[in-house]
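Note sheet for the following structure.
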Amino acid sequence: MDDTMPFFEFVEINPKVTLKKGIEYPFVEMDIVTPGRRYVSSINKRIYNGGGAKFQFGDTLFARITPCLENGKIAQFSGAKDEIGFGSTEFFVFRHKEGISDPGYIFYLASSDILRKPAEKSMSGASGRQRADIASIKDLEIPTPPLPTQRKIASILSAYDDLIENNTRRIKILEEMAQALYREWFVNFRFPGHEKVKMVESELGMVPKGWEEVTIRDVSSYINRGISPKYDDLSRQIVINQKCIRDGRFNLNLVRRHSTKVPVEKFVKFGDVLINSTGIGTLGRVAQICQEISDCTVDSHVSIVRPNDRVSHEYFGSYLATLEPHFDSQGIGSTGQTELGRETIAKTIFLLPPKGLQDRFAEIVSPMRKNVVKMFIKNINLRRTRDLLLPKLISGEVDVEKIDVLMA
């Protein structure tokens, strides 16, 4: 691909958007931008009082602060057509120029190493708060194929992202269905046959008669922290860290490889619940292992809680997920070094329903979780394929000029 031009001539950088103070607008926080996922939309509105990155429908939001940029927090703002909003001050905003550049192509260009690597190298400032310098990419010569070619490239890559979005929506629906059933049976106590069961006083309030108040220790076969890994990118063994655990699930894209010898009991097993146990902000996050993962452990900042045969995996994971706020509140230690101890986890009260009811819950929820895992794996493979194709398309190594592409 021979056509190039300076980046600032190809896009509008931090374009002007007029917002009125005192009016509510969609707001995008850095936290809701998911690496590897193209679109981001506002989950709430905030009153605009000045400041922040301002953008409109179709603009690309590009994280400029560490570690968000290195982690790939880059997304295209999606919402109602012509919708405007604002967000974190830590975004650069890129907008297409009419007749010159395509919004989709800009997003994929921003996601490629062509833009990311120079921005990452320009980082400066205090440790942990380093920011990219817009000058590092403003004058950068970037590939600028003709507009029809840009649209073809964006359309090819969008096909992968559209499948990822569709799978993500299906995952959300299945997870919400499982959570709704859990709440109905085990929080609201409207389980099958509840009309015939008397409610009795307990330390947890009114609960169905025959349900036991035990501790997590009573329903666990193993509670312990992980290892202190020696990282080795060539090893087959992987280690889950606190970054991997978020929103009730874990992200295998963020694991690291290591060569440390691991005691057999510290390899994670299907049904294990992992709890972030160090620091502030991530303390208490919970995720359950819902698939077989070979040669995988956790580091010393994460606790493994393994269910025993008194409790079904599905109920165990669902119950511990509801304890995130409790675990977060139980940290002890100095600022930045808060710890959630093994004994604190072990002595936490656990409501144990009859095994038959747990098993009925598992029969319904287990197929949902299996489908969720399948779709997660599909998304991982789709992202991997897309990310291999992206630099080849952007650089022109794969020529799309003569390829017929159905474009939206």
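The values are calculated or read from the model by the stated rules, or taken from the named source; none is laboratory data. Treat the numbers as computed from the prediction; the structure is a model and nothing was measured. When we count neighbours, we look across all protein chains shown, and the Cβ atoms used for this are built from the backbone with ideal geometry, even at glycine.
So that you can scan it fast, the table gives a plain yes or no per residue for (1) basic (Lys, Arg); (2) out of contact with any His (no Cβ under 6 Å at 6 or more places or on another chain):
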{"site": "140", "(1), (2)": "no, yes"}
{"site": "144", "(1), (2)": "no, yes"}
{"site": "176", "(1), (2)": "no, yes"}
{"site": "200", "(1), (2)": "no, yes"}
{"site": "206", "(1), (2)": "no, yes"}
{"site": "217", "(1), (2)": "yes, yes"}
{"site": "223", "(1), (2)": "no, yes"}
{"site": "237", "(1), (2)": "no, no"}
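The set of residues in the stretch 91-126 that are aliphatic (A, V, I, L, M) and in a helix (DSSP H, G or I) comprises 106, 109, 110, 114, 115, 119.
Results for (1) surrounded by 12 or more Cβ atoms within 10 Å (Cβ to Cβ); (2) part of a loop (DSSP other than H, G, I, E, B), shown as yes or no for each residue.
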residue	(1), (2)
5	yes, no
17	yes, yes
22	no, yes
27	yes, no
37	yes, yes
45	yes, no
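Taking the conditions (1) more than 30 Å from residue 165 (Cβ to Cβ); (2) touching a Pro at 6+ places or on another chain (Cβ under 8 Å) in turn, residue 295 satisfies each one other than (2). Scanning the stretch 76-127 for residues that are over 26 Å from residue 149 (Cα atoms) and either among the β-branched types (Val, Ile, Thr) or in the same structural domain as residue 396 (by TED's automatic domain parsing) (or both) returns 84, 89.
Of all the listed residues (36, 50), the sole one being modelled with pLDDT under 95 and over 17 Å from residue 77 (Cβ atoms) is 50.
Yes or no, residue by residue, for (1) touching a strand residue (DSSP E or B) at 6+ places or on another chain (Cβ under 6 Å); (2) at pLDDT below 95; (3) within 30 Å of residue 355 (Cα to Cα):
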residue: 106; (1), (2), (3): yes, no, no
residue: 128; (1), (2), (3): no, yes, no
residue: 136; (1), (2), (3): no, yes, no
residue: 178; (1), (2), (3): no, no, yes
residue: 197; (1), (2), (3): yes, no, yes
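Apart from one condition, residue 349 fits all of (1) surrounded by fewer than 17 Cβ atoms within 10 Å (Cβ to Cβ); (2) farther than 19 Å from residue 187 by Cα; the exception is (2). Checking each residue in the stretch 342-360 for being over 30 Å from residue 200 (Cα atoms) and free of Cβ contacts under 8 Å to residues at least 60 places away in the same chain picks out no residue at all.
State the number of residues belonging to the stretch 255-275 that are outside any loop (DSSP other than H, G, I, E, B) and in contact (Cβ under 8 Å) with a residue 40 or more places away in the chain. Selection size over the stretch 255-275: 4.
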